[in-house]
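One structure is given below, encoded as structure tokens.
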Amino acid sequence: SVTVVSCRVEQLAIDSICECALSLSASCAYPLNYFDNLFENNDEDLEIERNDVRDVCRSVCSLDSGNFGSDESKSPSLMILNRIVSACHSAIKGTDPAVLPSEAVVHALSSLAKPLNKLGNKCLEVPDEEGCTILSRALDSFAFVFQILNSSIERLPHSQTLPLSRLVLIGFASLAPLLSSVARMALRSTTEAERNLIEFFEKSLCYGIQQAILSTAQIPELVAESTLESTRYDIKGAMRGPGGEDHVGCIALIRVSSESDELRNSVFKVCGGRILQDLTNLHHTLKRIEVERGVGVDYGKGVTPLSRRLLIRVVSRLGIQQGDGTVLHSLLEEPLREIVAQKSSPVTIEKLFRFCEAALDLSFFSPELLSHLFRDRTSDLDSLFQTVIMGYAGLSFTSEGDATTHHWARLRCGIICLLRACQSMTDYSAGVIRALIRAECEAAAAQCDQGPSSGSNLFVEDIIGEEKIHTGAYVILIGEYLKHLSSSKVMTEDQVASCRRCVQVLKHCASDVASVLLHVSPEASAHVDPRVTLAEAWFLTMKTLASVCRHNEQIISTLATENVQTLFGESLSVAMLFIFMKDIGGKKRPAPDMQRGMSPDGPQTLAISDFIAESMLLGPSILAGSIAALSAHIQINCGNEVPAEVLGGAAISASLLRAISGATPPWVVEDTPVLFKSMHTALGNDSDLFIQALGVSTKLETMTAVGGLRAGEKLSGRYLDASDSHINSFLGKAAETVAKNDWKKMKVVLKSATGGKKKESGFNLKPHYSNWECERV
């Protein structure tokens, strides 16, 4: 019959796909003796082929659609998954226990983590005997490989154990969601198939954690210096994912310890309470090896400092779960003792290095522990922060950064990581961050005072720049705190207080930051301009604050007494003043080649645009606050008297019109639909008020020379210093666009009114935001 033929065709197709996937896996096995020389670079073509095969195996078993089939109509993907897992299980379990299993087979099995995770979640939600059987075979296979590796890792050479241990641990780490699903399954009533699955789960979890610990202790993360800077997949003797970073044993432990409470409880069930001490002992061993290797050497024995620190995070998470803080607090005391031992000694390279390592170690403990540290052990931490603050006083305009300056820059990264790990603003950290921002702003202002061609030993890429972390990082931390705090559905009293402190620090530092951002020194040419990323950081953080205030009623009510609206108004004023600094020329004169202030060409302008759009959504009071703040700097002639919110909207409109007239890069015009729609919303979606504000913006004049503005010049720029017919045509088209709610067309209207497309502007394409991570220094 047709049905029988169809079933046979389907079965033939499934058989062919399975054979093809398994054949491909076998064909890209590492050649015999490939790992004899672990110092050589990997074969890039082979690694690319292996990645492609993993993608093929994963794709043919994909359960992304959520279609697991039924008893009457089985999912082809599930049938293929079953066949491949069964084939791998048979091959692995058929291995002589005295011989390591086939790496090619483990490679095929480990590539199936994503569909296995999806199947695990499905079996948790709906009991499924066949699904449990597939998962049982997969976990039994992993347990068998772990068991053989655990018994042979100390007697076999790394050339034999490294490739298999690396591969199976990558697979184990990827299966953390499946392990979590089975851990949850064990808490409810179960079927026989589920009980069998739980048995294999506990076995694989126990042996897998043992292998992660043994491999981290026995197999170096790098047998020789990494070549990742010049190659894609590093040396063969790298105990990392291909082309990746961090020891895979540590990655497996961090994934298992961070997936869920239920999985962490299962770790204690299968490994016992001794696991915390075992991990701590491993950390001590790795730390001793690290010291023996010497500064800057992270290969040969042990693991890199960052991989070692992952163990701190593992112990921290497991220790909090268990509720026994003895081991955890003992581990915490080690970096604190290092700080205390060094605090009274003079500043040397060694002291800076040890301070940095201690700060980075502390940053891997849990926020809960760090909050106690920032409350009860502040005297131990003072020297860390004071050393960084004092380092800004070493700013020089003639000398280059020496070894001491480089280690100071690492310490700066270390304390940023430590402050970031706290995830909230304590009384102590509020004072620290205020002092750090002030010190950095004072150094930035001093640098700007020397002019754009001045040298610098601090404001260079590998000190305070892209190779470490940018100026403005302390401000970015405040935005991160606010984001984290606002993610809570209901904030505790401590979180409310932390939020209030964040705003108080921003208010305290606002004038220092503004004075740097509006410094008249032209774009830096001989150093990294500190204003650029400071501006990005400030406006991104203010955007975050605006967003948090809009979406979290508890926060906005908390900040009611903090006069946060004034802070938004002042920041909008700074954004406008920055744009007004740019001289875009007039009808009879070109724009000057050298402009006042920092360049608008970069992520700082993107941040300003995003902040303006977000902050205006807070309502008319923000618009009124912006004109009040701006009036302290610019004496504006606005003609007829208009409401404060309309005048504020007009001033912002004028700055945006000037921006797209040449004061900022051409890509800014792409953001104008969002910007003007936000203003429309701020004016209560009143189209008449909006058009009134737009009309007033074309008439605003400065009565005195300010920045790039000359006395009597229109704020909106030369293209709007035009005939009444041009202005009326512009306002008429804008009114039509608003009436149709067609904000995308507003971009066309604005471009037409401000001189059309700006060709050969000299500006770069639209940028991305800066990277603010620095834990790998």
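The values are calculated or read from the model by the stated rules, or taken from the named source; none is laboratory data. All of these numbers come straight from a predicted model, not from anything done at the bench. Because the Cβ atoms are built from the backbone with ideal geometry, glycine has one as well, and the counts that use them run over all protein chains shown. Note: accessible area is taken over every heavy atom of the protein model, side chains too, but ligands, DNA and RNA are not part of it. Shrake-Rupley method; radii C 1.70, N 1.55, O 1.52, S 1.80 Å.
Just a few scattered comments:
- Compared with the direct C-alpha span, the chain from A341 to H372 gains 9.1 nm at full extension, assuming 0.36 nm per residue.
- FRET efficiency for the pair I349 and A435, taken as 1/(1 + (r/R0)^6) with r the Cβ-Cβ distance and R0 = 41 Å, rounds to 0.95.
- Ranked by solvent-accessible area (1.4 Å probe, protein heavy atoms only, all chains present), the residues R274, R438, R308 order from largest to smallest as R274, R438, R308.
- Based on C-alpha pairs under 8 angstrom that are at least 6 apart in sequence, the chain has a relative contact order of 8 percent.
- Per-bin percent of Cα-Cα distances, the chain [10 Å]: 2, 12, 18, 19, 18, 16, 11, 4, 1, 0
- Cross-linked pairs K114/K301; K93/K114; K582/K740; K699/K747; K582/K766: Cα-Cα separations exceed 27 Å for K114/K301; K582/K740.
- Across every direction, the projection of the convex hull enclosing the Cα atoms of the stretch 565-657 has a mean area of 6.7 nm².
- Solvent accessible area, Å² - W408, 1.4 Å probe, full protein context: 10 Å²
- Spacing of the two label points (7 Å from each Cα toward its C-beta) at S151 and Q11, in nm: 3.9 nm
- The calculated FRET efficiency for R274 paired with T133, based on their beta-carbon distance and R0 = 30 Å, is about 0.35.
- When only alpha carbons are used to place a centre, the stretch 435-490 and the stretch 706-734 end up 36 Å from one another.
- Between the C-alpha center of the stretch 48-67 and that of the stretch 359-413 there is a gap of 45 Å.
- Here's the list of lysines a cross-link from K118 could span, going by alpha-carbon distance under 23 Å and ignoring same-chain residues fewer than 8 apart: K74, K203.
- Here the simple spin-label model places points 7 Å from the Cα toward Cβ, and for T704 and C20 these points are separated by 7.8 nm.
- Over the chain, DSSP H runs of length four or greater, each weighted -39,500 (n - 2.57), average out per residue to a 222 nm ellipticity of -21000 deg cm²/dmol.
- Spin-label model distance (nm) - A445 vs D402, 7 Å beyond Cα toward Cβ: 2.9 nm
- Pairwise FRET efficiency - E262 versus M390, Cβ, R0 = 51 Å, nearest 0.05: 0.60
- At q = 0.18, 0.20, 0.22, 0.29 Å⁻¹, base-10 log of I(q)/I(0) for the stretch 643-692 (Debye sum, equal scatterers on each alpha carbon): -0.55, -0.66, -0.77, -1.09
- Sulfur and carbon atoms: percent of accessible area, the chain [1.4 Å]: 50 percent
- Once the Cα-Cα distance is subtracted from the 0.36 nm per residue extended length, the R589 to S230 segment shows a gain of 124.2 nm.
- In straight-distance terms, cross-link reach from K343 covers every one of the lysines whose alpha-carbon lies under 28 Å from its own, apart from those fewer than eight places away in the same chain; here that gives K287, K351, K468.
- Among the trypsin sites (Lys or Arg not before Pro) in the stretch 115-178, those placed in a DSSP loop whose Cβ has at most 10 other Cβ atoms within 10 Å are R155.
- Extension gain for A497 to S159 (0.36 nm times residue separation, less C-alpha to C-alpha distance): 116.1 nm.
- The fraction of Cα-Cα pairs per 5 angstrom bin, counted from 0 for the stretch 110-201, comes to 2, 14, 25, 21, 14, 10, 7, 4, 2, 0 percent, rounded to whole percents.
- Counting only protein heavy atoms and using a 1.4 Å probe, the accessible area of R434 comes to about 80 Å².
- Whole-Å distance, taken between Cα centres, linking the stretch 199-224 and the stretch 531-587: 50 Å
- Packing, taken as the mean count of other beta carbons within 10 Å per residue, orders the peptides 365-376, 212-223 from highest to lowest as 212-223, 365-376.
- To the nearest ten degrees, helix 2-27 and the longest principal axis of the Cα atoms of the chain are 90 degrees apart.
- Note on surface exposure: Y30, Y769 rank Y769, Y30 by accessible area, highest first, 1.4 Å probe.
- Surface calculation, 1.4 Å probe, protein heavy atoms: D529 sits at approximately 20 Å² accessible.
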